[in-house]
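Trainee: Sharing a structure with you now.
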Amino acid sequence: MTVNDPDINSHLIPASASLLEAMERINSLAGTPLTLFAVDADGRVAGSVTDGDIRRALVAGHPVDAPVAEAMHRDFLALRDGADTLALFALARGKGVVLLPKLDADGRPAGITDLRKAKSLLPLDAVMMAGGRGERLRPLTLDTPKPLLKVGGKAIIDYNVEELEANGVERIFVTVNYLKEQIKEHFAAPRQARVVCVEEPKRLGTIGSLALVDGLQTDNILLMNSDILTNLSFEQMFRHHIATGADLTMATIGYNVAVPFAILELDGHRVTGLREKPSFNYSANAGVYIMKRSLLGRIAPGEYLDAPDFIEGLIADGLTVSHFPITGTWIDIGSPSDFKYADELMTRPGR
């Protein structure tokens, strides 16, 4: 699969092609990075070559009909199965590399990532929950599933899918129930990521529907509500998850409760003090989780299970549950006023 660039073939050239042919190919790469990847006779990527590499080869005395193999870099960076993608991403950024080819087990090209567009390369599969009825938003959701309601001219769920794609997530599973055919149709056309809709035969809750998902491959998976808007850094959350050794990490949002009265401090019938209009700060569940894939074995197929019950079970069994505070935007579009605010926010110039 191709990531962040629809046509890897435009960046491939035989290693036996001439430098002149390579220059002509590079000149044809309008609007894309001026980098080619040379493939050998067996179709394996053998090196990378840029316009600068060709100029240096010509200055060094190579003729224009010399093969690309004489100018290419054999120590090129590439995405391979099992690689530490975050470390590779950082290394590529540091070296000024713009394109990263993805190679299969035999070294043949399977895709390409444009680092001008990618925010990160997270080793995560994602599951998005889109089966709810959105009853608090009626009548808007009578004929349209909540994730497909448009804010700023775009379906709510698409903001989240595009953010996952920008972070290198290649497999996204969307659990559907209410008005499911509309969501399935919405994702019928190919996207950068492979998006698969998973049908719930009945309401299974936040976590219960995970038992239906077939094809999760990464050691950790990202689970999130599809109807929130947030600028949460998935990379920072993932790094926090790994650094804390957590079995599950939940994103949290600060929630303040201001009491407009004086609160009494009591000892039996005696008043021992007063707290004038106190405020209490809490960390609330934001509906985004990163969890070890091994935890899926704790989910009974076909049984209803929500996130709070699942997480409390982890804690009771001594597993590590971490939290990651969201410091930026987070909107749970659960009411008409939330929907109006989200629509206004996403239509602001320069947002």
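The values are calculated or read from the model by the stated rules, or taken from the named source; none is laboratory data. Predicted, not measured: the structure shown is a model, and the values here were computed from it. Quick reminder, even Gly has a Cβ in these numbers, built from the backbone with ideal geometry, and neighbours come from all protein chains shown.
Trainee: Is it true that some residue in region 251-263 is under 30 Å from residue 81 (Cβ atoms) and not assigned by TED's automatic domain parsing to the domain that holds residue 86?
Mentor: Scanning region 251-263 turns up at least one residue that is under 30 Å from residue 81 (Cβ atoms) and not assigned by TED's automatic domain parsing to the domain that holds residue 86.
Trainee: Another question, then. Out of the residues in region 206-263 that are within 18 Å of residue 333 (Cα to Cα), polar (S, T, N, Q) and touching an Asp or Glu at 6+ places or on another chain (Cβ under 9 Å), state the one that is modelled with the lowest pLDDT.
Mentor: 206
Trainee: Could you please let me know if residue 64 is hydrophobic (A, V, I, L, M, F, W, C), part of a loop (DSSP other than H, G, I, E, B) and touching a strand residue (DSSP E or B) at 6+ places or on another chain (Cβ under 7 Å)?
Mentor: Considered against the rule, which asks whether it is hydrophobic (A, V, I, L, M, F, W, C), part of a loop (DSSP other than H, G, I, E, B) and touching a strand residue (DSSP E or B) at 6+ places or on another chain (Cβ under 7 Å), residue 64 comes out as yes.
Trainee: Something else about it: Going through region 104-136 one residue at a time, which ones are closer than 30 Å to residue 178 by Cα and β-branched (Val, Ile, Thr)?
Mentor: 127, the sole residue that qualifies.
Trainee: Could you list, in sequence order, all residues of region 67-99 that are under 19 Å from residue 122 (Cα atoms) and either part of a loop (DSSP other than H, G, I, E, B) or in contact with a helix residue (DSSP H, G or I) (Cβ under 6 Å, 6 or more places away or on another chain) (or both)?
Mentor: Answer for region 67-99, where residues must be under 19 Å from residue 122 (Cα atoms) and either part of a loop (DSSP other than H, G, I, E, B) or in contact with a helix residue (DSSP H, G or I) (Cβ under 6 Å, 6 or more places away or on another chain) (or both): 77, 78, 80, 81, 82, 83, 84, 97, 98.
Table: residues versus (1) over 19 Å from residue 173 (Cβ atoms); (2) not aliphatic (A, V, I, L, M).
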| residue | (1), (2) |
| --- | --- |
| 220 | no, yes |
| 242 | yes, no |
| 285 | yes, yes |
| 290 | no, no |
| 307 | no, no |
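Trainee: Residues of region 282-305 being loosely packed, with under 11 Cβ neighbours inside 10 Å and touching a helix residue (DSSP H, G or I) at 6+ places or on another chain (Cβ under 8 Å), which ones?
Mentor: Residues satisfying the conditions are 300, 301.
Trainee: Across region 193-237, what is the number of residues that are in a strand (DSSP E or B), within 30 Å of residue 344 (Cβ to Cβ) and touching a Leu at 6+ places or on another chain (Cβ under 9 Å)?
Mentor: Qualifying residue count, region 193-237: 4.
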